[in-house]
Amino acid sequence: MIYDICIIGNGIVGSMSALEVSKMYPQKTILFFNPEKPGGASRAAGAMLNVFGEIDYGKQFDNYQERKILLGIEAQKEWKFFINQNKEFKKIKTADDTIIFCKKNATELEKNCFSEIRRFSNLFNRNDTNKNSKIKKIKKTLPLNCDYSLIKNEGAIDTKLYFKICNNILKRKKNVYIIKEEVNKILSKNNFYKIILNKKKIKVKKLIISCGAYSKKLLGTMSHGIQDTYYGIGTALEIKSKKLSNIIPNNTVLRTPNRGSTCGIHIVPRNNDEFYLGAGSNISTSPSLNPRIGTVEYLLTSLKNEISKDFDKDTMNTVIGFRPMSFDGRPLIGNLNKHKNIFFISGTKRDGLTYAPIIVKSILGWISEDLRYLKEHFHGWEPERSPISYGDTDFAVKAYVSNKLAGLIEHDLVRKKIKTLKEDLANEAYRMHKIKIKKYGLKSKFGIHPEIINVK
């Protein structure tokens with residue numbers, strides 16, 4: 001038997017693809033790989049449907065920020081449509097708004113990010129005033145002197161509940177075949193692809209590969225031309241707490257702006273008085289399921305000092321997830337040049353969950369050989385494109401110094417005068433930048449993404 005479509009990757013994009021493809025093409029046989037594999041970005045995500053909450057400052061060398069915002073706004077509409085069209089998913093929406101708070105004594109970077117969030121959310125008429133009842137409530141609760149901004153219609157979903165519902169639906173589908181094993185290798189044949197498992201080989205016509213930073217490795221020699229991808233290892237906590245439910249406004253994400261190459265402190269409601277508390281991110285060339293103790297300590301300290309000391313401390317779990325990041329920090333989305341029957345998704349970083357519905361619509365078009373939607377939304381982010389320069393060398397180094405310094409200040413790790421530290425960080429960045437330029441054969445002025453500069 002040769003399956004029509006094979007989906008490798010059981011995160012938000014892979015699972016939604018299985019749902020929507022099986023619905024639109026009931027006559028096609030669909031193979032869905034759904035192993036119990038730790039480290040999935042979607043399962044560990046805070047699951048915020050972000051557009052404005054994670055806007056960065058000082059990265060305006062091209063239109064990337066604006067493009068992300070427009071894609072995110074469209075994706076939020078598609079999420080709403082997806083939930084309304086699938087009645088079983090009604091309960092996965094856990095937040096309708098996001099409150100951003102910024103300490104008066106925050107780092108310069110964090111304050112600038114907060115200003116950018118306000119500027120863009122005002123531009124798109126999403127920012128509410130400080131007279132909002134939710135802000136009034138949280139102002140009385142938080143122990144710090146802060147500035148606040150409420151972003152309307154920027155909520156979150158409960159990924160745990162999403163995957164539970166999704167798996168139950170897929171089990172009932174007669175044209176979906178679920179395999180719990182992991183894929184070892186993929187081989188290309190004349191008119192099909194061979195999926196290699198431990199004790200089995202399976203033939204498929206079309207492949208959708210959406211398994212994060214693992215995606216490139218699976219393709220072997222077929223991945224030539226796809227830039228390196230990395231594991232953005234996130235450490236977070238799950239907290240079940242009725243006390244936090246009483247503190248944080250109902251149906252609301254509470255978060256800070258970004259704090260130096262991380263997504264800041266964010267506390268995201270799930271169902272049944274459970275919350276996701278996240279902040280950490282560490283870019284690596286290999287996956288690791290060991291929680292970063294320093295991040296866990298920082299999360300708990302921030303929760304106590306910035307939100308409330310009054311929460312239930314006996315129901316916590318550490319969560320590790322791998323966000324896929326590309327060499328240039330941009331998504332890698334589309335079919336391969338020499339293998340038109342392979343649709344590749346990786347490098348989505350923190351945006352994979354938000355973009356999921358429009359990625360899936362691109363996949364549906366690709367299956368029917370209509371690439372207009374894909375090209376309209378992801379042109380320039382093709383998997384086998386050349387890396388996009390992060391401004392130039394000086395711009396990239398300046399961003400590296402700004403982000404690194406903000407992180408050191410936030411974690412109370414500054415042991416030198418700021419001026420001296422900035423000089424040391426810049427020298428460090430230029431040295432590592434030069435090494436990477438030589439390694440990848442790039443032009444001398446090419447700007448390496450600041451989160452990749454010091455990744456070995």
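The values are calculated or read from the model by the stated rules, or taken from the named source; none is laboratory data. If you're wondering where the values come from, they're calculated on a predicted model, not measured in any experiment. Cβ placement follows ideal geometry from the backbone for every residue including glycine, while neighbour counts extend to all protein chains displayed. Heavy atoms of the whole protein, side chains included, go into the accessibility calculation; ligands, DNA and RNA do not. Shrake-Rupley method; radii C 1.70, N 1.55, O 1.52, S 1.80 Å.
Of the residues making up region 109-152, just one is outside any helix (DSSP H, G or I), among the β-branched types (Val, Ile, Thr) and farther than 23 Å from residue 410 by Cβ, namely 129. For region 103-112, the set of residues classified as surrounded by fewer than 23 Cβ atoms within 10 Å (Cβ to Cβ) and not charged (D, E, K, R) consists of 105, 107, 112, listed by residue number. Quick one: is residue 359 farther than 26 Å from residue 433 by Cα, touching a helix residue (DSSP H, G or I) at 6+ places or on another chain (Cβ under 9 Å) and assigned to a helix (DSSP H, G or I)? It is true that residue 359 is farther than 26 Å from residue 433 by Cα, touching a helix residue (DSSP H, G or I) at 6+ places or on another chain (Cβ under 9 Å) and assigned to a helix (DSSP H, G or I).
Pull up region 186-209, narrow it to residues that are in a loop (DSSP other than H, G, I, E, B) and hydrophobic (A, V, I, L, M, F, W, C), then point me to the one that is most open to solvent (accessible area, probe 1.4 Å).
Filtering region 186-209 for residues in a loop (DSSP other than H, G, I, E, B) gives 189-192, 197-200.
Then keep just the ones that are hydrophobic (A, V, I, L, M, F, W, C); that gives 192, 197.
Details: 192: 35, 197: 6 Å².
The selected residue is 192.
For region 1-32, taking the residues that are under 21 Å from the mean Cα position of the chain (by Cα) and part of a strand (DSSP E or B), the one that is farthest from residue 286 (Cα to Cα) is identified as 7. Per the listing 115, 133, the residue uniquely of a type in the set (Gly, Ala, Ser), modelled with pLDDT under 90 and open to solvent by 20 Å² or more (accessible area, probe 1.4 Å) is 133. So, residue 361, is that one under 30 Å from residue 76 (Cβ atoms) and open to solvent by 60 Å² or more (accessible area, probe 1.4 Å) or not? Answer is yes for this residue. Any residue at all in region 161-171 that is of a type outside the set (Asp, Glu), free of Cβ contacts under 8 Å to residues at least 60 places away in the same chain and open to solvent by less than 40 Å² (accessible area, probe 1.4 Å)? No, the conditions are met nowhere in region 161-171.
Here region 242-259 is the region considered, the condition is being outside any strand (DSSP E or B) and surrounded by 22 or more Cβ atoms within 10 Å (Cβ to Cβ), and the residue that is nearest to the chain's Cα centre (by Cα) is 258.
Restricting to region 424-451, name every residue that is assigned to a loop (DSSP other than H, G, I, E, B), open to solvent by 70 Å² or more (accessible area, probe 1.4 Å) and charged (D, E, K, R).
Restricting attention to region 424-451, the residues satisfying the condition of being assigned to a loop (DSSP other than H, G, I, E, B) are 441-445, 447-451.
Those left that are additionally open to solvent by 70 Å² or more (accessible area, probe 1.4 Å): 443-445.
Within region 424-451, 443, 445 qualify.
Does residue 309 meet the test of being open to solvent by 60 Å² or more (accessible area, probe 1.4 Å) and either part of a loop (DSSP other than H, G, I, E, B) or aliphatic (A, V, I, L, M) (or both)? It is true that residue 309 is open to solvent by 60 Å² or more (accessible area, probe 1.4 Å) and either part of a loop (DSSP other than H, G, I, E, B) or aliphatic (A, V, I, L, M) (or both). Among the residues making up region 260-304, a single one is more than 19 Å from the chain's Cα centre (by Cα) and in a strand (DSSP E or B): 274.
Inside region 327-338, residues that are in contact (Cβ under 8 Å) with a residue 60 or more places away in the chain, more than 12 Å from the chain's Cα centre (by Cα) and buried (at least 17 other Cβ atoms within 10 Å of the Cβ) make up a count of 4. Among the numbered conditions (1) within 28 Å of the chain's Cα centre (by Cα); (2) open to solvent by less than 60 Å² (accessible area, probe 1.4 Å), the only one that residue 421 does not meet is (1). Output yes when any residue across region 140-157 is closer than 14 Å to residue 254 by Cβ, of a type outside the set (A, V, I, L, M), open to solvent by 40 Å² or more (accessible area, probe 1.4 Å) and in contact with a helix residue (DSSP H, G or I) (Cβ under 6 Å, 6 or more places away or on another chain), and no when none is. So far as region 140-157 goes, yes, one or more of its residues are closer than 14 Å to residue 254 by Cβ, of a type outside the set (A, V, I, L, M), open to solvent by 40 Å² or more (accessible area, probe 1.4 Å) and in contact with a helix residue (DSSP H, G or I) (Cβ under 6 Å, 6 or more places away or on another chain). Only one of the numbered conditions (1) closer than 22 Å to residue 331 by Cα; (2) in contact (Cβ under 8 Å) with a residue 40 or more places away in the chain is violated by residue 376, and that is (2).
Among the residues of region 391-412, none qualifies, meaning not one is surrounded by fewer than 23 Cβ atoms within 10 Å (Cβ to Cβ), among the hydrophobic types (A, V, I, L, M, F, W, C) and not in a helix (DSSP H, G or I).
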